[in-house]
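A.B. asks: Structure provided below as structure tokens; questions to follow.
The values are calculated or read from the model by the stated rules, or taken from the named source; none is laboratory data. If you're wondering where the values come from, they're calculated on a predicted model, not measured in any experiment. When we count neighbours, we look across all protein chains shown, and the Cβ atoms used for this are built from the backbone with ideal geometry, even at glycine.
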């Protein structure tokens, strides 16, 4: 067993994709090695802006030898009565390259057959690894590959060198147009030379000690975090480290050195979000806040060199950031001179979607729908309507045109400057929440109303023009918008009916090309989005299907039922009762008209088992009515679990389809009443596993 190293040297790789590329490369190399039947003890990834590498420790030098068993024709047809080989035996011997007299017979568990056993020698790892590496490179998640020079070779960035070693030996092959070697390269400035690798185990130390490179992505990321946090502490504040920015900076440097710079106090009069956006997006700086969480006039940058004069590096960064912050300050002061309400006129020339009108048209629809939602959830309809009307006005401000992440945030500041109610301003900011899975929700009910109205207007409108999401295409992010609607309603415990909201949104759109059946189409799409969330929570699909079968349209109610059914599904009585419900469903489904079955007539109850079940069903109906009314579904289903034994006894002792028509109908009525109790919550017959 020997160590294996592969390193792909390149021009600077895209920093935001570096971690994904490294993970994929490592996973694919590991998968290829395992598929080849090679064993190893450990695999370690390395990734810097100029290289992707993997070191595999204690890798088998060759695969194990394998015994090959080839079964031939049955002995009965391989030889005639005199024991002479038939054509079938001759063909089998020829196929396997053996003499007729060397044929042997074994039983394969069913019959005696001709068999040829041979041993396939193990394959050398050195012969298998080049193809494994090439396959791993081919499978990298690269959106657009590059070609360089006159070569037809393609990769994410032009390749510069390739290292492939097994122990101290180079595996001789060609990858990405380069002959493999044991030569790597150090830091572009601190060690701009080649380095010879003695063996894979020496790779990381060689780069660290001689190459002035931290080759491990994880180690480099940790170093950057620690350095940035330490710089923040020196300032008496706290450095704010966003994971996405940290990963991008980790993908930009090979030898991180954190340095602190400053900017003028006057810039703190500009919205902090704009300053932070400018520092992080354009310059990749980390910002610092004081103990109260307020932005401090400092930034932390991560250099890729150890400078002999750090002050010059800091000064250069300060000179670069100053004009950007000046732009933000200028945009802010200029924008405040024009009221948000005045900007509405400009929205009339900004198209939302060709068939759905302008952003102004959308804002007017959001205004009406938000006010209606606010009234339904006990919020201030006037505030919600006003926030809905102004929610898109900042899109035509200079601030948002320069810093697109400021949409909504800029609107909040401008609304406050205009003298709008604080609740209106906050709702304008919160309209885009949640932006992603796990993101915060709008803080106020007014914000919830606007956020819901905005998303529902988009979802209904895009479906209404016949452009629903298809496969991986979702240009208007309707899936994300739908999940946002569901999260707001469920987590904020809003008693809203999606069918009603979708219908209102459709009416506000007016005539839509795909209006027929639009409410049902959109409702089914939105409710179906629940499924993915429940799957992530490890709730079985059949639990959701049991609730979905009721055709409900209130997300909060659906959520309560799903959680109740999921809890019921864990009870020992669940499967028996689900099976009984399925049996009842099948019996009732055979009737021509189930509605003709009346109520239970106690005088027609004959057997002890049906009397006991009827008594219990009636008692449960009275007991559970208030629980159903209060949506206490979990308690209701727990109470229904008591019916398992009487239901089992009923089916064992009672003939449902009796010859006596009156008895039969009365027993069917009892089963219908039993099933009805469960159907108050869900169709639990769907909990029975499909065969």
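A.B. asks: Only one residue in 341, 333 is in a helix (DSSP H, G or I), surrounded by fewer than 16 Cβ atoms within 10 Å (Cβ to Cβ), over 32 Å from the mean Cα position of the chain (by Cα) and in contact (Cβ under 8 Å) with a residue 60 or more places away in the chain. Which one?
C.D. replies: Of 341, 333, the one residue that is in a helix (DSSP H, G or I), surrounded by fewer than 16 Cβ atoms within 10 Å (Cβ to Cβ), over 32 Å from the mean Cα position of the chain (by Cα) and in contact (Cβ under 8 Å) with a residue 60 or more places away in the chain is 341.
A.B. asks: List, please: which pairs have Cβ atoms under 8 Å, are six or more places apart or on different chains, and start with a residue in segment 136-150 that is outside the structural domain of residue 27 (by TED's automatic domain parsing) and on the phi > 0 side of the Ramachandran plot and end with one that is buried (at least 18 other Cβ atoms within 10 Å of the Cβ) and modelled with pLDDT of 95 or more?
C.D. replies: Short answer, once both residue conditions are applied: none.
Condition check ((1) touching a helix residue (DSSP H, G or I) at 6+ places or on another chain (Cβ under 8 Å); (2) surrounded by 20 or more Cβ atoms within 10 Å (Cβ to Cβ); (3) at pLDDT 95 or above; (4) within 16 Å of residue 681 (Cβ to Cβ)) across all residues:
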residue	(1), (2), (3), (4)
498	yes, yes, yes, no
507	no, no, yes, no
514	yes, no, no, no
527	yes, yes, no, no
539	yes, no, no, yes
551	no, no, no, yes
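A.B. asks: When segment 151-176 is examined, which residues are found to be without any contact (Cβ under 8 Å) to a residue 40 or more places away in the chain and either under 17 Å from residue 32 (Cβ atoms) or under 34 Å from the mean Cα position of the chain (by Cα) (or both)?
C.D. replies: Residues satisfying the conditions are 153, 154.
A.B. asks: Step by step: first the residues of segment 89-101, then only those that are assigned to a helix (DSSP H, G or I) and either more than 57 Å from the chain's Cα centre (by Cα) or modelled with pLDDT under 80 (or both), then the one that is surrounded by the fewest Cβ atoms within 10 Å (Cβ to Cβ). Which residue is that?
C.D. replies: In this case the residue turns out to be 101.
A.B. asks: May I pose another question? Look through 617, 647 and report the one residue that is within 28 Å of residue 559 (Cα to Cα), touching a helix residue (DSSP H, G or I) at 6+ places or on another chain (Cβ under 7 Å) and part of a helix (DSSP H, G or I). If you could, list the steps in order and put the result at the bottom.
C.D. replies: On the way: 647 fails: within 28 Å of residue 559 (Cα to Cα).
Just one listed residue meets the conditions, 617.
A.B. asks: Just checking, does segment 210-231 include any residue being surrounded by fewer than 20 Cβ atoms within 10 Å (Cβ to Cβ) and farther than 30 Å from residue 277 by Cα?
C.D. replies: Checked against the condition, which is being surrounded by fewer than 20 Cβ atoms within 10 Å (Cβ to Cβ) and farther than 30 Å from residue 277 by Cα, segment 210-231 yields at least one hit.
A.B. asks: From (1) more than 34 Å from the chain's Cα centre (by Cα); (2) modelled with pLDDT under 95, pick out the condition that doesn't hold for residue 280.
C.D. replies: Status for residue 280: all satisfied but (1).
A.B. asks: Give all pairs with beta carbons closer than 6 Å in which a residue from segment 566-588 that is farther than 25 Å from residue 658 by Cβ and assigned by TED's automatic domain parsing to the domain that holds residue 637 meets a residue that is at pLDDT 90 or above and assigned to a loop (DSSP other than H, G, I, E, B); count only pairs at least 6 apart in sequence or on separate chains.
C.D. replies: 566/539
A.B. asks: Out of all the residues in segment 128-145, is one or more part of a strand (DSSP E or B) and either at pLDDT 85 or above or touching a strand residue (DSSP E or B) at 6+ places or on another chain (Cβ under 6 Å) (or both)?
C.D. replies: Looking through segment 128-145, none of the residues is part of a strand (DSSP E or B) and either at pLDDT 85 or above or touching a strand residue (DSSP E or B) at 6+ places or on another chain (Cβ under 6 Å) (or both).
A.B. asks: Here is a further query. Would you confirm, using the coordinates I've provided, whether residue 592 is out of contact with any strand residue (DSSP E or B) (no Cβ under 7 Å at 6 or more places or on another chain), closer than 30 Å to residue 659 by Cβ, part of a loop (DSSP other than H, G, I, E, B) and not assigned by TED's automatic domain parsing to the domain that holds residue 496?
C.D. replies: yes
A.B. asks: Does residue 278 meet the test of being surrounded by fewer than 20 Cβ atoms within 10 Å (Cβ to Cβ), in contact with a helix residue (DSSP H, G or I) (Cβ under 6 Å, 6 or more places away or on another chain) and outside the structural domain of residue 46 (by TED's automatic domain parsing)?
C.D. replies: No; evaluated as a whole, the condition is false for this residue.
A.B. asks: State whether the residues of segment 448-469 include one that is in contact (Cβ under 8 Å) with a residue 12 or more places away in the chain, in the same structural domain as residue 383 (by TED's automatic domain parsing) and more than 20 Å from residue 362 (Cα to Cα).
C.D. replies: No, segment 448-469 has no match at all.
A.B. asks: Being closer than 22 Å to residue 572 by Cα, surrounded by fewer than 16 Cβ atoms within 10 Å (Cβ to Cβ) and touching a residue at least 24 places away in the same chain (Cβ under 8 Å) is the filter here, so list the residues in segment 644-673 that pass it.
C.D. replies: 652
A.B. asks: Could you list, in sequence order, all residues of segment 181-237 that are outside the structural domain of residue 306 (by TED's automatic domain parsing), assigned to a helix (DSSP H, G or I), touching a residue at least 24 places away in the same chain (Cβ under 8 Å) and over 20 Å from residue 21 (Cβ atoms)?
C.D. replies: Hits for segment 181-237 are 200, 201.
A.B. asks: Now, a different point. Just to verify a result, which residue in segment 118-127, among those that are in a helix (DSSP H, G or I) and touching a residue at least 40 places away in the same chain (Cβ under 8 Å), is farthest from residue 32 (Cα to Cα)?
C.D. replies: Restricting to residues being in a helix (DSSP H, G or I) and touching a residue at least 40 places away in the same chain (Cβ under 8 Å), the top hit is 126.
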